[in-house]
1. Run the numbers for ALA146 and ALA230: contour at 0.36 nm per residue of separation, minus the present Cα-Cα distance, in nm.
2. Mind telling me which of GLY89, GLY283, GLY227 comes out most flexible in a GNM of the chain, alpha-carbon contacts under 10 Å?
3. Take every Cα-Cα pair in region 178-236 and report what % of them are more than 15 Å apart.
4. What whole-number distance in Å separates the alpha-carbon centres of region 270-314 and region 36-52?
5. Would you tally the net charge around HIS116, using a Cβ to Cβ cut-off of less than 15 Å, leaving HIS116 out, and scoring K and R as +1, D and E as -1?
6. Using a probe radius of 1.4 Å on heavy atoms only, what accessible surface per residue do you get for the chain? Whole Å² is fine.
7. Listed highest first by mean packing, meaning other Cβ atoms within 10 Å per residue, what order do 75-81, 60-66, 43-49 come in?
8. Mind checking which helices in the chain clear 20 Å along their axis (Cα) and have mean Kyte-Doolittle hydropathy of 0.5 or more, DSSP H runs only?
Amino acid sequence: MTIVEGITNRVLSIVGSALILMFFSEFFFMNEGPVDTVMSLRTTPGTAIIGLVETTAYYALAAWAFLLLLPSAQQRGMAGVFLVACLYGWITEGAIVPVVHEAPPISWIWTSVSWHAPIDVFLGLYLLRQVLCAPTPWASVALHAATGIAWGLWSTWTWSEPKSQHLSGSDFLFFTVVTSGIWALGLVLLSRARVWHSVAPERWSIFLIVWALGLLWAAAALPLSIGPLALSALALWMILRPGETDRQSADLPAGAFPANRLWHVVLAAITATGTVWLCDGMGWMIPTEEITAAFFMAGSAALIWAYWQAFTLR
């Protein structure tokens, strides 16, 4: 592989992964700031585009670290992949922004472990991409439609938040069309990427940047910030501890998919919008606290399981 090919594949896989992760972390989650940024495309497009590019750059850093660790994590099976997904979550919420320190110890798990790992990584990067490549399209159609319904249902949590926009009707349709376009672009870029091999200076540079940012935020939240730092260090040691084979290619399951299946992403946007219209008309809202508690408990249990599995696997 030439230097140009290596750089090209890095850019495609890192930016593609970043766009997918950003979609599920910010837009599928209905995070207030990014939602406002997307909606402002209609009034101040220049500022909104700059904001979206900036957010993509942050997620590119987290995606780069994730991809560098993924080959080693895969040696630990599903537990290793879950741990590296958790590390991506702690980077997102603890190195890029200090959310992990806002409500300890709940914030150590929600949303770093209990949302980012299962939704951003396992659903967004893995499962939905895999079904897009399936021999027949029906599993992909069903899963993308179900994802859209879940998106619409989850979005209703914002209706009880005074700081969040109550998007309904044409506003939500605009939001889903724009953001699903970002998701689709990430899928296309990632499908064009080929396996690339990291080098030691690259790995050390990214890890030092991530840890430096994380320590800066943690220093302002001592002593409780020791908790997520310890959880992150333990996960990193589990993934990289001696005895692993040295495999540095960054590969994700599933590759190129039929271009005519991109409409499945549009289907998710359509079913999400239809769900919101129905919920708005019927006055339905999800029980946010109960669902959040269930995610928290499931994430905590999965993290304990992953630590144990990764530690005992030889």
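The values are calculated or read from the model by the stated rules, or taken from the named source; none is laboratory data. Keep in mind that this is a model prediction, so the values were computed, not measured. In this analysis, Cβ positions are derived from the backbone assuming ideal geometry, glycine residues included, and neighbour counts consider all displayed protein chains. Ligands, DNA and RNA are stripped out before the accessible areas are found, and what is left, the full protein with its side chains, is counted by its heavy atoms. Shrake-Rupley method; radii C 1.70, N 1.55, O 1.52, S 1.80 Å.
1. Roughly 26.6 nm would be gained on extension.
2. Most flexible of the set in this elastic network: GLY283.
3. 69 percent
4. 29 Å
5. -3
6. Each residue of the chain exposes 45 Å² on average to a 1.4 Å probe.
7. Answer by packing, highest mean first, reads 60-66, 75-81, 43-49.
8. Span-like helices in the chain: 3-22, 45-74, 77-91, 138-155, 170-192, 200-219, 226-240, 263-282, 288-312.
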